[in-house]
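Every read-out reported here was derived from the displayed coordinates using simple, explicitly stated rules and does not represent laboratory data. All values derive from a computational prediction rather than experimental measurement. No Cβ is skipped: glycine too gets one built from the backbone with ideal geometry, and neighbour counts run over all protein chains shown.
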Amino acid sequence: MAKVFMFYSRLRTEERLLIEAARQRQIHFEPVVVSDRMWPNEIGGKGDVALCRCIGHVQNHALALTVEARGLITINPSNVMEICGNKISTSTRLSTAGIPQPDYAIAFSLEGALECAQKMGYPVVLKPPVGSWGRLLAKVNDRDALEAITEHKLHLGSQHSAIYIQKYIDKKGFDIRATIIGGIPVSAIRRCSDHWITNTARGGTAQSYPLSDELKKLLKQVHEAIGGMMLAVDLFETDSGWLVNEVNGQPEFRSSQEDITGVDVAGQIVDMAWSAACKEGEGVV
Amino acid sequence: MSKLVTCIVCEGKIQVSDDLLEGEIIVCPDCGSELEVVSLDPLTLEEAPEVQEDWGE
C-alpha cells in the first residue's frame, strides 16, 4: 500500500495543518524529520509520495533529488523546486512562456547594474536570487543608492554575485497571492501593507480575493510554464493588467487557509498527495 | 494535557502540550528564547537556529 511521507526540518503551522488534515482522512501518512539521519535511506520506496517541506530551499531541493532517485514522487518535483527557488530561473521561464511580469534584468557588476537601472528607470528593486520572506530586498531610488548597495552585494559572496534587478511597480499597497493545487487555481488572497514589501512574513495582512476567470486563465498559463503539483503565485494588479512577480514552489499557506479564504488548502494538498500515491499504486501514473 | 519543561537558556518553566513533535519551536515566556524540539524521548530542546538566507516561501 502506498504511503504519503512529509519530510520536514522545522514544524511550522503548515506542517501541523498537513498532519491534522491527514489524520482526519485516516490515510497512510508519516511525518519525518530530515535533520538527524543520512539521505538517501530506507524510508519510503517506489510509488510513495513525499511532501518535501524543509524550510530551506537548498535542503529541500537536495532532499527531493535523493528521494526521487529512489522512486518516490516528490511534491514538488526537484526540477520545479529549482525553477521556483531561484528568481532568475523563474523569470526566464516566465519570459519564455510570454507571461507578463515586471521588467527584470541581471547584472554581474556595478556597470551592469547601472545600465539596468538606466534602461528601466528608477526606482528599481534588487532581490537576492534565492530567498524569501522579503529578506534583503532593496528599493533603490537613485544612482547613489544603487552604487552603494551593489558594492555591498558584490562583497556578500557567490550567492549575490548575480544581481537580480526588477523594475519597481507601484502596487498601491497590496499584492495578490494565488494558490494552485494539482494545476487548478483554488484560492487567492490580497496581502496589504503600508510598507512596499507586503509579505505576510513581514506583517502584511491577508484578505480573501476573488478568483476571476481572467486571473484563473493566467494562473493556468503559469502552471503550464512551470509545472508542479502545488504553486503559490504572487501577482501585481496594475492599470495595464496582471504582472506575475514571483512563483513559489514550496509555499507557506497559513494565510490562505479556510478562516480567510474558505478553502482548506492543507486538506486539498493532502488529497492531491494521497491521490497521486493511490494512482501510482494502481499503476495508472 | 500539558507538562512543564525547563528553558535551557534561563531555566524558567515552560508549559508545553503533550502532542509536541520533533522540529517544533516553542518560545520561553520568561526570556523569549526560541527553542527547537530536537528529540521527544527524552524530550530535548536546543536553541533554535537563526533564520537562514534560503528559508521560507
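Structure data summary
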{"item": "Residue among B:L4, B:L35, B:L40 that is on the phi < 0 side of the Ramachandran plot and surrounded by 13 or more Cβ atoms within 10 Å (Cβ to Cβ)", "result": "B:L35"}
{"item": "Conditions (1) at the interface with chain B (Cβ under 10 Å from one of its Cβ atoms); (2) touching a residue at least 24 places away in the same chain (Cβ under 8 Å); (3) more than 23 Å from the chain's Cα centre (by Cα); number of the one not met by A:H61", "result": "(3)"}
{"item": "Residues of region B:29-42 that turn out to be within 17 Å of A:R10 (Cβ to Cβ) and away from chain A (no Cβ under 14 Å), as a count", "result": "1"}
{"item": "Given (1) touching a residue at least 60 places away in the same chain (Cβ under 8 Å); (2) of a type in the set (K, R); (3) in a loop (DSSP other than H, G, I, E, B), number of the condition A:R93 does not satisfy", "result": "(3)"}
{"item": "Elements of type strands (runs of 3 or more DSSP E) in chain B, at least 3 residues being without any contact (Cβ under 8 Å) to a residue 24 or more places away in the chain and not hydroxyl-bearing (S, T, Y)", "result": "B:13-17, B:25-27, B:34-40"}
{"item": "Residues satisfying the stated conditions in region A:199-248, i.e. part of a strand (DSSP E or B) and small (G, A, S)", "result": "A:A206, A:S208, A:A232, A:G241"}
{"item": "Residues (out of contact with any Asp or Glu (no Cβ under 9 Å at 6 or more places or on another chain) and of a type in the set (A, V, I, L, M, F, W, C)) located in region A:193-203", "result": "A:I197"}
{"item": "Options A:R202, A:R177, A:R191, A:R143; residue that is out of contact with any strand residue (DSSP E or B) (no Cβ under 9 Å at 6 or more places or on another chain), closer than 29 Å to A:M230 by Cβ, charged (D, E, K, R) and touching a residue at least 24 places away in the same chain (Cβ under 8 Å)", "result": "A:R202"}
{"item": "Residue satisfying condition, being aliphatic (A, V, I, L, M) and in contact with a Gly (Cβ under 7 Å, 6 or more places away or on another chain), within set A:L18, A:L11", "result": "A:L11"}
